[in-house]
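Here's the structure we're looking at; comments come further down.
Bear in mind these aren't lab numbers, they're just calculated from the coordinates by the rules spelled out. Quick caveat: nothing in here was measured; it's all calculated off a predicted structure.
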Amino acid sequence: MVKRYWTATLTLLLALAVSVHGEEPAQARTAFQNYISAVEKRVDAQNASRDGFLWIDQDPQRREAVLKGGVSVQQIHAPQIENGTIEDWIGGAFLPHVTLDQVLKIDQDYANYSRYYAPEIVQARLLSHDGNHFRVFYRLKKHKVVTVVLDTVHDIDFSPVANDRYTVRSRSESVREVRNAGQPDEQVLPQGGGMGFLWAMNSYWRVEQRDGGVYIECEVVTLARSIPFGMGALLRSTIESFASESLENTLKAKRRAVMAAQ
């Protein structure tokens, strides 16, 4: 009864927020792109560094924790923007007794992503492939008090850095909310429509083989709707969890998939 009450309350508040703020504002998209430009400049410098390649290595306790099987996730401060919310999270894990090629094989096996990354990825489909560039469709299912289904398209580039490492850059091309997913009256909304839990998502992976296994780490940057005044307590944890929980779940799922394929 209590859960149904809070679900109904949150849904009502979200409907009010949508009616007040409408679709994705242009100012939010511009601010996100400006932030992404700064992120990618930093990421490029880190990817080119031999000794500073991994975020995991910046803290000996963090490296020790992942070597013991933990998954480390941390929030990166992102600026407040008008009519939107930027979330920036980074995380990493260690996969013992595997090789770089084994990880790469799972990374590019998009046909099986709905199996590897269930229940968050409901469907996955490779749209095109040219060398190290991939264009991929995902149907995502996010649940936090309410359930949101999203159809997303991503441009993904793999970049070999050395024999023992590679990077992956994934930029969302479109994110569209799906109402009544799987039902006869299913409706895919226009870009920026709906509740606005996710408007854009970029991810930046670094993968390195050493210490008897492979380190994987990812920084994910998302754009969502702004949190209307008075709704912060109900909405902030929901919006934040779209990035943080999804990142942690993805790292764990990738580790399971690679280990299972040995």
Hey, what do the phi angles of region 174-185 turn into as Karplus ³J(HN,Hα) couplings, whole Hz, using 6.51/-1.76/1.60 and θ = phi - 60°, x for Gly and Pro? 8, 9, 10, 6, 10, 8, 6, 4, x, 9, x, 9
Measure out, as a whole number of angstrom, how far apart the alpha-carbon centroids of region 115-144 and region 148-205 sit. 8
³J(HN,Hα) across region 204-210 via Karplus (A = 6.51, B = -1.76, C = 1.60, θ = phi - 60°), whole Hz, x for Gly/Pro? 10, 9, 10, 10, 9, 9, 5
Note, ³J(HN,Hα) from phi for region 125-142, Karplus 6.51, -1.76, 1.60, rounded to Hz, x at Gly and Pro: 8, 6, 8, 7, 8, 9, x, 8, 10, 10, 10, 10, 9, 10, 9, 9, 10, 10
XL table K68/K142; K142/K254; K41/K105; K41/K68; K142/K252; Cα-Cα > 21 Å flagged, in table order, is K68/K142; K41/K105; K41/K68
